[in-house]
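Asker: Below is one structure. I have some questions about it.
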Ligand code: BGC
């Protein structure tokens, strides 16, 4: 349909009924059209790592049967790339395919924090860290949107499990929400300006995200400046009128005849201001305009090029966990046999199940790719070793695999999780590989010690029960339709592993900080570990882990030197910047990439803070012997915590520890930095304790003045009583008014509070306004 005028100019011409209809889709994947005015319907489609467009004639609720599209590495893999440029390229390819299919908005990326290794959708999410999730989420949005297609940042917010996902209330304290669960969304919104944000299914502190005015309006639009449309997750709306009032613009899929009727009734009864409806409609019309405004020619999709990109991307995501004796890359000689063992080498698992499931344009098989790539006269022999859909050991399959391992120079075992173990819709109950696979591995290792493991899994697996059998472990995640080719490239050294863990691999599930509070019960999940999610928790508890956040080896090696910091600006002026540089050299004999990670700690904080937090990173590409100077920058926000008394980001002056390294536990260079910041306002009142009054310089001075001194010059009353002070120093000052001989009568306290409030009013008027993250 041709649009005669911009849709957004037509708001005033719409009837009430038409406006109500625009706040709902017209079917599972389309917005509503208004034919009379030439407002077209636009189409949205999943998903984060490839397009899942259901053809018009298909069963839209079904997961399979979508039009063929390139299946890129899933988010768990892309998260491990630590490479925003790569993610932007993948996003651009996804955007091109969407445009070519007439899809206006791609429903991704999903950037929820991986709170527990058990979350069924961890394969669809990027990291346990909000900085990494935010940077990569922003890159994906930029890539998609530069093609003239919108992205939908999801699932906002605190959707960190699948158990009871439509009803559960995530009970998260204010600081934890701000520092962990909202921070990635904030960064992605500020840096990439997504056309749409998708609210999550769950409740957050008792209110459904679809009806959460604080999340959807106060924070998302008010504080972060989001100017796009909020769409519901599919089926997340329970009360259309309450959702509209909270800031949810578009309900998907539409509850036709119910939600539109409810809106009309509420407006006519005066329970919903028509202005609120108009605002939502204006955002729908703006989205229609954005979709129509793309000036680029219709996308031409080169599926071969996209497959090649999927393969290159998958090589950049794999994490080499260990590589004893430099077993990898394989260096077969003529006459050698490589034993490829494991059904997953022949029947690849490369994506997860649920709404993100792509119908791939083709699928690489690792076994075939290895056979095609080895030098002449090298045999790549195969034995299945185990069945994928069972955990029982098939003795015949295992015996054949052992026999093959015996006659081979080297064994490559492809292991991983069966599809039934991880999916949208349910959480896992354990993090183990299937028993038939680990049992087989032990037997293979007894037969041939030159054993490498290639892993295919979306959520992390426990390693402690089998890792000792393998000299090398290459974690390939669910890496898309070209995962098989990428595995061959990596195993044979055509590509050098450069992925880094975007989440910690714990020794045991029980060590995970969320363990006692996952997945909750009776409709509630308490985020009891607070800000200590992932490595923040493992580090605070000093727990050993299998492999730490940020870890990943290479076929080459890197040396770090010359850490410098240069501080400019002042926090009170809002322009503080710490420029951090270091030099990284490729000290090995092959080209490779290093991810330089900058962590910050505030050891003397007045609130509990993580030992260290990732605040910046850069992936550098180095030839043998080459050195690069890496430049990273920190702002006041990177040094701040969220204060639950000031309800703002707060920078506490003092010493900070800065470290650059190759992982959160492989810190190569460290330094300290003294940051001068104005003292925090103490907010003293009648319920502040005597100690709190004394800890504040002005409060203490006022208190001493009010109580006075005796003839010998000693403070009177409680201030001069060193014996009593430790006993009642933690009493609120108003309580002490009733205690005799302390010098703290009610009139004295009232006077103190008057003086202190006058001072605070003055201080507030002088504070710079807090600013959102700069793009
Ligand atoms: C999922 C979303 C998805 C939507 C549409 C929901 O069940 O949570 O991530 O975009 O379905 O398929």
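Quick note: the coordinates plus some simple rules give every number you see, no bench work behind them. Keep in mind it's a predicted model, so treat the numbers as computed, not measured. Cβ sites come from the backbone with ideal geometry, for glycine too, and all protein chains shown count toward neighbours.
Asker: Round to a whole angstrom and tell me the spacing of the C-alpha centers of the range 486-537 and the range 229-285.
Answerer: Here the answer is 37 Å between Cα centres.
Asker: Just to compare against my own numbers: the Cα pair-distance distribution for the range 490-607, 10 Å bins, whole % per bin, please.
Answerer: Computed distribution, short to long bins: 11, 26, 29, 24, 10, 1.
Asker: Return a whole-number percent for the relative contact order of the range 333-446, with Cα pairs under 8 Å and 6 or more residues apart as the contact set.
Answerer: Working: 171 pairs, mean separation 42.7, N = 114.
Worked out over the range 333-446, it gives 37 percent.
Asker: In degrees from 0 to 90, rounded to the nearest 10, what is the angle of the helix 483-492 Cα long axis to the longest principal axis of the chain?
Answerer: 80 degrees
Asker: Spin-label point model (7 Å from Cα, Cβ direction): what's the residue 238 to residue 623 distance in nm?
Answerer: Output for this residue pair reads 6.2 nm.
Asker: Here's a follow-up. Rounded to whole Å and ordered largest first, report the semi-axes of the equivalent ellipsoid of the range 267-399 derived from its Cα gyration tensor (root of 5λ). Numbers along the way, then the final one.
Answerer: Working: eigenvalues 525, 101, 40 Å².
Semi-axes (√(5λ), whole Å): 51, 22, 14.
Asker: Cα convex hull of the range 564-666: mean projected area in nm², to one decimal?
Answerer: Details: hull surface 28.4 nm².
Average projection, Cα convex hull of the range 564-666: 7.1 nm².
Asker: Report relative contact order for the range 25-143 in percent, whole number only (criteria: Cα-Cα under 8 Å, sequence separation at least 6). List each step's numbers first, then the result.
Answerer: Working: 192 pairs, mean separation 32.8, N = 119.
About 28 percent, as a whole number.
Asker: Moving on. In nanometres, what is the gap between the two model label sites at residue 724 and residue 695, each 7 Å from Cα along Cα-to-Cβ?
Answerer: About 2.2 nm, to one decimal.
Asker: Checking the a/c ratio against 1.5 first, then a/b against b/c, what shape does the Cα gyration tensor give for the range 74-210? All intermediate terms of the calculation are to be shown ahead of the outcome.
Answerer: Values: a/c = 1.86, a/b = 1.59, b/c = 1.17.
Prolate, since a/c reaches 1.5 and a/b exceeds b/c.
Asker: Taking Cα atoms, how many degrees apart are the long axis of helix 697-707 and the longest axis of the chain, rounded to 10 and kept between 0 and 90?
Answerer: 30 degrees
Asker: Shifting gears a bit: Enumerate the whole-percent occupancy of each 20 Å bin, from 0 to the last occupied one, for all C-alpha pair distances of the chain.
Answerer: The percentages, shortest bin first, are 16, 43, 30, 10, 1, 0.
Asker: Short version: what are the Cα gyration tensor semi-axes of the range 170-244, square root of 5 times each eigenvalue, largest first, in whole Å? Mind dumping the intermediate values first?
Answerer: Details: eigenvalues 68, 52, 21 Å².
Whole-Å semi-axes of the equivalent ellipsoid: 18, 16, 10.
Asker: Roughly speaking, what is the centre-to-centre gap between the range 300-326 and the range 108-161 when only Cα atoms are used, to the nearest Å?
Answerer: 20 Å
Asker: Based on other C-beta atoms within 10 Å, arrange 746, 60, 469, 208 from fewest to most. Write down the numbers at each step before the final one.
Answerer: On the way: 746 11, 60 14, 469 19, 208 24.
Placing the least packed residue first, the sequence is 746, 60, 469, 208.
Asker: Further, regarding this structure: Let a ≥ b ≥ c be the square roots of the eigenvalues of the Cα gyration tensor of the range 532-595; is it rounded (a/c under 1.5), or, if not, prolate (a/b larger than b/c) or oblate? Can you show the working numbers first?
Answerer: Values: a/c = 3.35, a/b = 1.20, b/c = 2.78.
Oblate shape, in that a/c is at least 1.5 and b/c is the bigger or equal ratio.
Asker: Here is a further query. Given the range 1-156, what whole percent of its Cα pairs are spread farther than 28 Å?
Answerer: Details: 3495 of 12090 pairs.
In whole percent, the long-distance tail amounts to 29.
Asker: Taking R0 as 35 Å, what's the FRET efficiency between residue 269 and residue 516 from their Cβ-Cβ distance, rounded to 0.05?
Answerer: Numbers: r = 47 Å, r/R0 = 1.34.
Efficiency, rounded to the nearest 0.05: 0.15.
Asker: Per 0.36 nm of contour for each residue apart, how much would the distance between residue 468 and residue 390 grow if the chain were fully extended, relative to their Cα-Cα spacing?
Answerer: Between residue 468 and residue 390, full extension yields 25.7 nm more.
Asker: Between residue 735 and residue 631, 0.36 nm times their residue separation minus their Cα-Cα distance comes to what?
Answerer: Details: separation 104, 0.36 × 104 = 37.44 nm, distance 5.43 nm.
Fully extending the segment from residue 735 to residue 631 adds 32.0 nm.
Asker: For an R0 of 45 angstrom, estimate the FRET efficiency from the Cβ-Cβ distance between residue 446 and residue 589 and round to the nearest 0.05. Kindly include the intermediate steps, with their values, before the conclusion.
Answerer: Details: r = 33 Å, r/R0 = 0.74.
The calculated FRET efficiency here is 0.85.
Asker: While we're on this one: How many percent of Cα pairs in the range 640-775 exceed 23 Å? If you can, show how the numbers build up before the last one.
Answerer: Details: 4637 of 9180 pairs.
More than 23 Å apart: 51 percent of the Cα pairs in the range 640-775.
Asker: I need the shape label for the range 423-568. Rule: rounded when a/c is under 1.5, else prolate if a/b > b/c, else oblate, with a, b, c from the alpha carbon gyration tensor.
Answerer: Working: a/c = 1.80, a/b = 1.13, b/c = 1.59.
Oblate shape, in that a/c is at least 1.5 and b/c is the bigger or equal ratio.
Asker: Averaging the inverse of every distinct alpha carbon separation and then flipping it gives the Kirkwood radius. What is it for the range 332-434, in angstrom units? Walk me through the intermediate numbers first.
Answerer: Working: mean 1/r = 0.0655 Å⁻¹.
Over the range 332-434, the inverse of the mean reciprocal pair distance is 15.3 Å.
Asker: Most exposed first by the Cβ proxy, i.e. fewest other Cβ within 10 Å, how do 749, 263 rank? All intermediate terms of the calculation are to be shown ahead of the outcome.
Answerer: Details: 749 20, 263 26.
So the ranking, lowest neighbour count to highest, is 749, 263.
Asker: Residues of the range 515-549 with the amide nitrogen closer than 17 Å to a label point 7 Å from the Cα of residue 508, along Cα-to-Cβ, please.
Answerer: In the range 515-549, the label zone of residue 508 (backbone N under 17 Å from the point 7 Å along Cα→Cβ) covers 515-518, 538, 541-547.
Asker: Would you work out the relative contact order for the range 125-210, in percent, from Cα pairs under 8 angstrom that are 6 or more residues apart?
Answerer: Numbers: 138 pairs, mean separation 36.3, N = 86.
It rounds to 42 percent for the range 125-210.
Asker: Hey, another quick one. Which of 195, 234, 642 comes first, and how do the rest follow, when ranked by fewest Cβ neighbours within 10 Å? Can you show the working numbers first?
Answerer: Details: 195 25, 234 18, 642 21.
Least crowded to most crowded, the residues run 234, 642, 195.
Asker: Can you give the Rg to Rh ratio of the range 528-568, both from alpha-carbon atoms, with Rh computed by the Kirkwood formula? Mind showing how you got there, number by number?
Answerer: Details: Rg = 15.5 Å, Rh = 13.6 Å.
Reported Rg/Rh (Cα atoms, Kirkwood Rh): 1.14.
Asker: Pull out the extension gain between residue 562 and residue 711, defined as 0.36 nm times the separation in residues minus the alpha carbon to alpha carbon distance; nm, one decimal.
Answerer: On the way: separation 149, 0.36 × 149 = 53.64 nm, distance 6.06 nm.
Answer, rounded to one decimal: 47.6 nm.
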